[in-house]
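Notes to accompany the following structure.
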Amino acid sequence: MHYSTESFDDMGPVGQDPRWAAFEPFHEYLQTTFPLVHSTLNRTKVNTYGLVYEWGTAGPISAKPILFAAHQDVVSVENTTVGQWTHPPYSGFYDGQRVWGRGSTDDKGCLIGILIAVETLLQKGFTQPRRPVILAFGFDEEISGFQGASELAKFIEGKYGKDGVAMIIDEGLGFSEQYGTPIATPGISEKGSFNMQLEVRATGGHSSVPPPHTGIGILAALLVQIEANPFEARLTRSQPTYATFQCIAEHAKDVPQDLRTVVLQAAESDNALQALESIITRDNVLKSLIGTTQAINIVQGGVKSNVLPERSWAVVNHRIGATSSVSDLKTRNAQILETVAQRFNLSYNAFGTQVFGDAASLPSLALTDISNGGLEPAPLSPTSTTDLPYQLLSGTIKAVYSAHRGDFQGETSDIVVAPGMMPANTDTRHYWNLTRHIFRYSHLNGGKNGGSQLNWGIHTVNEFIPVDEWLENIQFYTTLILNADEATDL
Ligand SMILES: [Zn+2]
């Protein structure tokens, strides 16, 4: 936590932007803190600051490796909020229960936890895993991973081939008590994302003889139209959130009987599926997991109080639901805005296609993609009883949950493992080629009432990690390495 490895939206390439140098002392710290890791594993620096550690790959590779991912960078600490931190953001202050600081939960807790697991195994004489282990630590996850994970992916795929990895574990939601039962929800997919810019150009001039609508007025009407037409959230049986509910209805203790009935019936009955959909869509958080969302996050226009605005623009951020796609979203947005464009007699260009009007005439509306093609929703990692990586993960979660509570026979493992939907993106967005078996999961106890580590100050002031929860996560990494080593047919 002492190393402010912050990544910023406007960061230039490695080698040009001097701010990347902040990662160097962090690398030195890792090297001195984990001597056995550094003397045993083969470390490669990819694009200077990306770290790949390979373990057990010296001999002939007989099994596909298991890959643990984490990211070194953290979101920046707003200067104006430093005073609001109970303990300074880069203090790493330990109060006997929690470690405080930027990155404690997101994601240095996981990164350091993985290294502690490996260092400890080496200390105990587990030096030569039969199944290779790869650690891949990106350095710009918080700004989409284009310099870090993207380059790490090329390196790993170049060496191990497409589908050359058995399974990937990266940061994700952990477990918490829901309906009286601990439920773990490894993310088997991630939502896609897309940023759309709307740009209205209009004739400028002196504002003493204005048209009935300025560019800003037209833009406002377009934005009202967007918010008046939210995406419909549809529940289908292929969605992770549907699977989460199925597991909860079947295994959680205190699910209200009527909810349990609806969920179980939804497996066969379309009416019950619709009833479940309306239950889910009444909750804004659950609704965001199944559908596509939209948020107007930037608006700009005008330069002077007596000058008509020539250019006004806004940016809408979308997170794309598992059953939709970037192209569906573009088509749908172009249609929604068409009536408004007609009403104001705009020339209208949607994502490069001139829908109507002359491209050069004003006023005009242009919709553009400002997210480099956007990101499709992640493919679903398979979770059936014959999909061994998911079964291995699930069994490991159960075993660790029991062992951490003193039961090494697993007799009391009442934790339920249910496929979940990851609401945000991780470095795994760059790892789809490496394996179909990607799980976004940190074994962290979010507490009761469906709590999660999202309440631990992630991306805001007073980030912390509770140490008992952190230790259990290290136990999880250790057990998973050992279990994967014994599993011969992953
Ligand atoms: Zn993170």
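The values are calculated or read from the model by the stated rules, or taken from the named source; none is laboratory data. Since we're looking at a predicted model, the values are computed, not measured. Please note: Cβ atoms are built from the backbone with ideal geometry, for glycine as well, and neighbour counts cover all protein chains shown. Protein only, heavy atoms only, side chains kept; ligands, DNA and RNA dropped before computing areas. Shrake-Rupley method; radii C 1.70, N 1.55, O 1.52, S 1.80 Å.
Kindly indicate whether any position in the range 448-456 is surrounded by 19 or more Cβ atoms within 10 Å (Cβ to Cβ) and out of contact with any helix residue (DSSP H, G or I) (no Cβ under 7 Å at 6 or more places or on another chain).
The answer is yes; a qualifying residue exists.
For residues that are more than 24 Å from Asn79 (Cβ to Cβ) and open to solvent by less than 20 Å² (accessible area, probe 1.4 Å), tally how many sit in the range 3-31.
2
Pick from Gln475, Gln409: which is assigned by TED's automatic domain parsing to the domain that holds Phe155 and at pLDDT 95 or above?
Only one candidate qualifies: Gln475.
Picking from Ile280, Ile248, Ile336, which residue would you name as being more than 26 Å from Thr385 (Cα to Cα), outside the structural domain of Val417 (by TED's automatic domain parsing) and open to solvent by less than 20 Å² (accessible area, probe 1.4 Å)?
Result of the check over Ile280, Ile248, Ile336: Ile280.
Against the condition among the hydroxyl-bearing types (Ser, Thr, Tyr), assigned to a loop (DSSP other than H, G, I, E, B), in contact (Cβ under 8 Å) with a residue 12 or more places away in the chain and surrounded by 24 or more Cβ atoms within 10 Å (Cβ to Cβ), how does Thr105 come out, does it pass?
Yes.
Can you say whether Ala418 is hydrophobic (A, V, I, L, M, F, W, C) and open to solvent by 20 Å² or more (accessible area, probe 1.4 Å), as far as the supplied structure shows?
Judged against the criteria, Ala418 is not a match.
Could you list all residues from the range 340-380 that are over 16 Å from Ile218 (Cβ atoms), open to solvent by 70 Å² or more (accessible area, probe 1.4 Å), in contact (Cβ under 8 Å) with a residue 40 or more places away in the chain and of a type in the set (A, V, I, L, M)?
Listed by number, the residues that qualify are Ile370, Leu380.
Within the range 181-226, which residues are under 22 Å from Ala424 (Cβ atoms), hydroxyl-bearing (Ser, Thr, Tyr) and open to solvent by 10 Å² or more (accessible area, probe 1.4 Å)?
Thr185, Ser193
Open to solvent by 10 Å² or more (accessible area, probe 1.4 Å), assigned to a helix (DSSP H, G or I), in the same structural domain as Lys45 (by TED's automatic domain parsing) and within 16 Å of the ligand (Cβ to nearest atom): which single residue out of Glu119, Glu151, Glu142, Glu157 fits that description?
Glu142
Going residue by residue through the range 7-19, is there one that turns out to be outside any loop (DSSP other than H, G, I, E, B) and either within 16 Å of the ligand (Cβ to nearest atom) or in contact with a Gly (Cβ under 8 Å, 6 or more places away or on another chain) (or both)?
Yes, the conditions are met somewhere in the range 7-19.
Quick check: is even one residue across the range 102-110 β-branched (Val, Ile, Thr), within 25 Å of the chain's Cα centre (by Cα) and within 16 Å of the ligand (Cβ to nearest atom)?
Yes, the conditions are met somewhere in the range 102-110.
List the strands (runs of 3 or more DSSP E) that sit entirely inside the range 383-490 and contain at least 2 residues that are within 16 Å of the chain's Cα centre (by Cα).
Those strands (runs of 3 or more DSSP E) span 420-422, 438-440.
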